[in-house]
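Notes follow the structure.
The values are calculated or read from the model by the stated rules, or taken from the named source; none is laboratory data. On a predicted model such as this, the values are computed, not experimentally measured, just so you know. Backbone-built Cβ (ideal geometry, glycine too); neighbour counts: all protein chains shown.
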Amino acid sequence: KQEVTQIPAALSVPEGENLVLNCSFTDSAIYNLQWFRQDPGKGLTSLLLIQSSQREQTSGRLNASLDKSSGRSTLYIAASQPGDSATYLCAVNGVSGTYKYIFGTGTRLKVLA
Amino acid sequence: SQTIHQWPATLVQPVGSPLSLECTVEGTSNPNLYWYRQAAGRGLQLLFYSVGIGQISSEVPQNLSASRPQDRQFILSSKKLLLSDSGFYLCAWSRNRGGTEAFFGQGTRLTVV
């Protein structure tokens, strides 16, 4: 059974710091891994999608890496801003050959001005 | 472009009452469709997913059911709500093949009283 874990569960940092959020998964047979952002009471916004054949993806100040063999992904946020405050979720797709997306429990980020 | 609509945004229902949440996707055909629930302070739990009309996979035994009467319509239902059905319900879609991005609706906050 695929299990997805995110560390840390919560993080509070001053503005301007570079951050690393971690995601690990137990079954490496996945199609892709996706990072999302969730603001309080809102739906999920897709940030980055990494295919199983890729090592990393970048979008603006965000960089996500994937090491499928070790079951790990990291989301790097450069020069954090208060507007980055949100919960960040990772999800793996392709569990047991299906199109299911299995989520981690998220990292709640607060960036202090 | 593709859009996903989910309604209502909030709902307060008494215990024992029926439930119907609707989700529709525009701008694509034959999508994979998903229902997730997010309980307070917890991760996203996959409830149902569908790869086509009338094809529903249930992930957890529960008081809920799902139907897909049309290609781009996904409905979450209950005949009699329980207090434990309270939560944030999210609908999502992806293209009908592996390795694609998932997109989420804005969610429905259900409170059972």
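For the range A:45-60, the candidate set comprises residues that are surrounded by 17 or more Cβ atoms within 10 Å (Cβ to Cβ) and under 12 Å from the mean Cα position of the chain (by Cα); within that set, the residue that is farthest from residue B:111 (Cα to Cα) is A:57. Taking the range B:1-51 and the strands (runs of 3 or more DSSP E) fully enclosed by it, the elements with 2 or more residues that are at pLDDT below 95 and touching a Phe, Trp or Tyr at 6+ places or on another chain (Cβ under 9 Å) are at B:3-7, B:32-38.
Starting from the range A:60-78, take each residue that is farther than 12 Å from residue A:47 by Cβ and list its partners that are crowded, with 18+ Cβ neighbours inside 10 Å and of a type in the set (Phe, Trp, Tyr), counting only C-beta distances under 7 angstrom and pairs at least six apart or across chains. So the pair list comes out as A:71/A:25. With respect to the conditions (1) more than 10 Å from chain B (Cβ to nearest Cβ); (2) in contact with a Phe, Trp or Tyr (Cβ under 6 Å, 6 or more places away or on another chain); (3) within 23 Å of residue B:96 (Cα to Cα); (4) not small (Gly, Ala, Ser), residue A:57 lacks only one, and its number is (2). Looking across the range A:1-24 at every residue that is within 13 Å of chain B (Cβ to nearest Cβ) and in contact with a strand residue (DSSP E or B) (Cβ under 8 Å, 6 or more places away or on another chain), the one that is farthest from residue A:94 (Cα to Cα) is identified as A:10. Looking at the range A:5-113, the strands (runs of 3 or more DSSP E) lying wholly inside it that each contain 1 or more residues that are farther than 22 Å from residue B:40 by Cα and of a type in the set (Gly, Ala, Ser) sit at A:19-25, A:56-59, A:62-67, A:72-77. Selection of the range B:56-65 for residues being more than 14 Å from chain A (Cβ to nearest Cβ) and either out of contact with any helix residue (DSSP H, G or I) (no Cβ under 9 Å at 6 or more places or on another chain) or among the hydroxyl-bearing types (Ser, Thr, Tyr) (or both) yields B:61, B:65. Of B:94, B:84, all but one fail to be more than 13 Å from chain A (Cβ to nearest Cβ) and on the phi < 0 side of the Ramachandran plot; the exception is B:84. Looking across the range B:97-113, the residues that are over 14 Å from residue B:20 (Cα atoms) and either of a type outside the set (Val, Ile, Thr) or within 13 Å of chain A (Cβ to nearest Cβ) (or both) come down to B:97, B:98, B:99, B:100, B:101, B:102, B:103, B:104, B:105, B:106. Please go through the range A:61-113 and give me each residue that is over 12 Å from the mean Cα position of the chain (by Cα), of a type in the set (S, T, N, Q) and within 14 Å of chain B (Cβ to nearest Cβ), ordered by number. Matches in the range A:61-113: A:93, A:96, A:98.
Any chance the range B:65-86 includes a residue that's over 12 Å from the mean Cα position of the chain (by Cα), surrounded by 13 or more Cβ atoms within 10 Å (Cβ to Cβ) and closer than 30 Å to residue A:7 by Cα? So far as the range B:65-86 goes, yes, one or more of its residues are over 12 Å from the mean Cα position of the chain (by Cα), surrounded by 13 or more Cβ atoms within 10 Å (Cβ to Cβ) and closer than 30 Å to residue A:7 by Cα.
When the criteria are applied in full, residue A:3 meets the requirement of being modelled with pLDDT under 95 and either out of contact with any Cys (no Cβ under 8 Å at 6 or more places or on another chain) or over 30 Å from residue B:58 (Cα atoms) (or both). Of the residues making up the range B:1-55, those that are touching a Lys or Arg at 6+ places or on another chain (Cβ under 8 Å), within 11 Å of chain A (Cβ to nearest Cβ) and without any contact (Cβ under 8 Å) to a residue 24 or more places away in the chain are B:45, B:46, B:49.
Of the residues making up the range A:42-99, those that are over 25 Å from residue A:27 (Cβ atoms), at pLDDT 95 or above and among the charged types (D, E, K, R) are A:61, A:84.
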